[in-house]
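The values are calculated or read from the model by the stated rules, or taken from the named source; none is laboratory data. This one's a predicted model, so the numbers in the text were calculated from it and none came from an experiment. When we count neighbours, we look across all protein chains shown, and the Cβ atoms used for this are built from the backbone with ideal geometry, even at glycine.
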Amino acid sequence: MTDHLIDDERVEDYLRRLRAATADLPATARAELLADVSQHIRDARAAEADLADVLAELGSPEEIARAAGGRTRSRRTYDRVTIALLALGGLLPGGLGWIAGVVMLWRGAQWTVRDKLLGTFLLPFGPAGATNLVWLNTGEGVCEQVGRDFSCRRESGSLLLVVMALYALIGAATCVYLAGRARRRPA
Amino acid sequence: MDPTRALRELRRGTAEYCVLGLLARRPMYGLELVRILADTGGLVTSLGTIYPLLARLRADGLVTTSSQPSESGPDRRYHAITQPGRRALADFAEEWRRYSQAVSTLIDAEDVTP
């Protein structure tokens, strides 16, 4: 059974935009908002109002979504870039990417001071910074005689690998935690 | 200084109590609530922003929303005030009476000569 009162391309388009703009909201809040707005449109149409007027009066989907407190698109991008820099920025020389991530972390009101301290000091240079730990190599040196020369190398100590893996894991967990915290604080 | 900005802030701050004030009379469905608010000048933003406001009132336990069967089509969502909602409204009404009287007295043009 089609609902002829809201079975209109403009309405579908409007509701689709509203659904997209509220992608960030918790599921129930989003569903209720969509239900309220759909019902509003349906009731207004049943009262013979012009659809264009109804939608204009409602305001843009983006405006309604903003009033509902979800994150704006630019906020979402900011959060993603910050987390990406914190996670992978340590790979760049001098850890500059990570430092940029830390700057963005501190400038963002979506993280509490505790979050920021955690993100900065728990694991410097983030999970990717595990690669900086190679200097901790405590493996055994092995030298082979090749002709008249010796070729020496160090084997990776298993301790190093364990430390690197732990470092990367804790770093990744911190990034996931920070991402979750950002989600929960609306723009 | 801009009077319209001050009034905009005031409207934003009192919008929730205006909604509660309406629902204190009887439960209403979305469209009727929104229309009355708009007609009485209690709402200056677009109509759709009332629905997130209702969601906040629900989250604070001041309003409940329930679905009632309707003659035409799907169930209709009705919004009703709760007891805590009535208390909050009464508290605000008291504060508002005092405050609005104070403001009116202070800006009374007759007593204020430049």
| query | Pairs, please: C-beta under 7 Å, at least 6 apart or cross-chain, first residue facing chain B (nearest Cβ under 7 Å) and in the range A:37-48, second among the polar types (S, T, N, Q)? | reply | A:ALA46/B:SER72
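Based on this model, can you work out whether B:LEU31 counts as within 11 Å of another protein chain (Cβ to nearest Cβ) and in contact with a His (Cβ under 7 Å, 6 or more places away or on another chain)? Show your work before the answer.
Details: within 11 Å of another protein chain (Cβ to nearest Cβ): yes; in contact with a His (Cβ under 7 Å, 6 or more places away or on another chain): yes.
So B:LEU31 passes the test.
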| note | Those residues of the range A:111-134 which are closer than 16 Å to A:ALA84 by Cα and polar (S, T, N, Q) amount to A:THR120
| field | Residue tally, condition without any contact (Cβ under 8 Å) to a residue 24 or more places away in the chain, closer than 15 Å to A:LEU58 by Cα and not β-branched (Val, Ile, Thr), over the range B:1-50 | value | 9
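So which residues in the range A:108-125 are hydrophobic (A, V, I, L, M, F, W, C), outside any helix (DSSP H, G or I) and over 16 Å from the mean Cα position of the chain (by Cα)? Show your work before the answer.
Initial filter on the range A:108-125 (hydrophobic (A, V, I, L, M, F, W, C)): A:109, A:111, A:113, A:117-118, A:121-123, A:125.
Cutting the leftovers down to outside any helix (DSSP H, G or I) gives us A:109, A:111, A:122-123, A:125.
Answer for the range A:108-125, where residues must be hydrophobic (A, V, I, L, M, F, W, C), outside any helix (DSSP H, G or I) and over 16 Å from the mean Cα position of the chain (by Cα): A:LEU122, A:LEU123, A:PHE125.
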| note | Scanning the range B:39-55 for residues that are part of a helix (DSSP H, G or I) and either surrounded by fewer than 16 Cβ atoms within 10 Å (Cβ to Cβ) or more than 12 Å from chain A (Cβ to nearest Cβ) (or both) gives B:ASP39
| query | In the range A:69-94, which residues are within 30 Å of B:LEU37 (Cβ to Cβ) and at pLDDT 90 or above? | reply | none
| note | Only one of A:THR174, A:THR131 is of a type in the set (Ser, Thr, Tyr) and modelled with pLDDT under 80, namely A:THR131
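From A:THR22, A:THR28, which residue is within 22 Å of A:ALA182 (Cβ to Cβ), in contact with a Gly (Cβ under 7 Å, 6 or more places away or on another chain) and more than 7 Å from every other protein chain (Cβ to nearest Cβ)? First the steps, then the outcome.
Numbers: A:THR28 fails: in contact with a Gly (Cβ under 7 Å, 6 or more places away or on another chain).
Step by step, each of A:THR22, A:THR28 is checked, and only A:THR22 is within 22 Å of A:ALA182 (Cβ to Cβ), in contact with a Gly (Cβ under 7 Å, 6 or more places away or on another chain) and more than 7 Å from every other protein chain (Cβ to nearest Cβ).
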| note | A:VAL54 vs (1) within 16 Å of B:PRO52 (Cα to Cα); (2) at pLDDT 90 or above; (3) more than 7 Å from every other protein chain (Cβ to nearest Cβ): all pass except (1)
| field | Candidate set from the range B:59-74 (those that are at the interface with chain A (Cβ under 8 Å from one of its Cβ atoms) and without any contact (Cβ under 8 Å) to a residue 12 or more places away in the chain); member that is surrounded by the most Cβ atoms within 10 Å (Cβ to Cβ) | value | B:GLY73
| task | Answer yes or no: is there a residue in the range B:73-93 that is outside any helix (DSSP H, G or I) and of a type in the set (Asp, Glu). | result | yes
